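Here the structure comes first, spelled out in structure tokens, and everything after it is commentary.
Derivation of every value follows stated rules applied to the coordinates shown; laboratory data play no part. These numbers were taken from a predicted model, which means no experiment stands behind them. Note: ideal-geometry Cβ built from the backbone for every residue, glycine included; neighbour counts use all protein chains shown.
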Amino acid sequence: MSNQSQQSSVAESRNRRNRKIAAISAGALVVGLGAAYTLASWNDSEWVWGGADGDPNVGTSTFEVNQNTTSPFSNDAANWVDAETNPGGELTFSPGSLSLTPGDTIYAPVSLRTEADSDGAAVALQGAVAATGITVTDAGQGLWNAIQTSVYTQSGAADSTPPACTAAGIGGSDWSQVLDTAALGTAATGPQNLSADAGSTQHYCFALTLPTGSSDELQGRTIAPAWEFRAESVSD
């Protein structure tokens with residue numbers, strides 16, 4: 001090969017190498033521009049929250065039932081109390097409750113309503129159980145098993161006064177019977193509904209009877225039954 005041919009070959013090789021470098025540089029430039037474009041994108045966010053006029057607007061309702069065991073009945077606010085555990089509020093039975101003889105019946109009233117701002121309630125009276133913390137004298141539960149229970153109820157307005165919880169009172173048309181001459185542990189029929197926000201009152205009258213013909217062995221005994229009004233919230 002002549003010297004001129006060698007020089008021509010070297011020049012052509014150099015030109016090819018230069019073109020390749022230029023192509024690689026151009027590609028790198030394109031990639032660089034793409035990366036620069038991505039980094040320069042705009043960003044924005046929008047937030048919302050559960051509120052109304054600066055206050056929360058997501059929360060829970062309240063639910064509370066109160067009782068009134070006054071006898072004679074008094075609708076004063078102080079007489080509406082909360083007693084959620086056994087033995088609860090104390091019923092006031094008619095005179096002679098500690099000196100029963102066969103055939104006697106004693107009576108005691110109680111009224112229920114929801115608190116202000118409370119949901120409504122469905123209330124079901126459960127069967128009696130022994131009152132917690134009360135000492136009694138009833139070997140073999142003889143007196144407990146002998147006593148017969150009847151319960152009457154009446155629904156009234158928020159400020160209503162119950163009908164008389166007496167033998168004469170339950171004989172009228174104002175009371176409805178929800179438990180008819182049953183053993184102490186028997187639940188009443190129901191439930192009864194209480195309006196929300198103290199909007200109604202449900203009155204109850206308990207009647208306990210020592211049946212005629214009860215055994216002489218029951219003399220001198222005592223018992224202390226306690227009843228639960230089981231309530232569930234309802235929407236009016």
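Points worth noting:
- Packing rank of 111-122, 174-185, 92-103, where each peptide gets the mean count of other beta carbons within 10 Å, highest leading: 111-122, 174-185, 92-103
- Computed over the stretch 65-234, the percent of Cα pairs more than 22 Å apart is 42.
- Relative contact order (%) - the stretch 131-235, alpha-carbon pairs under 8 angstrom, separation at least six: 42
- Highest mean first, the peptides 129-138, 159-168 sorted by other C-beta atoms within 10 Å per residue fall in the order 159-168, 129-138.
- Gap separating the Cα centres of the stretch 191-219 and the stretch 68-132, nearest whole Å: 8
- Size descriptor, Kirkwood hydrodynamic radius, that averages inverse alpha-carbon separations across the stretch 143-224, Å: 14.4
- Cβ-derived FRET efficiency at R0 25 Å, Ala78 paired with Asn57, nearest 0.05: 0.10
- Each of Asn193 and Ala167 was given a label point 7 Å from its Cα along the Cα-to-Cβ line. The distance between the two points is 3.7 nm.
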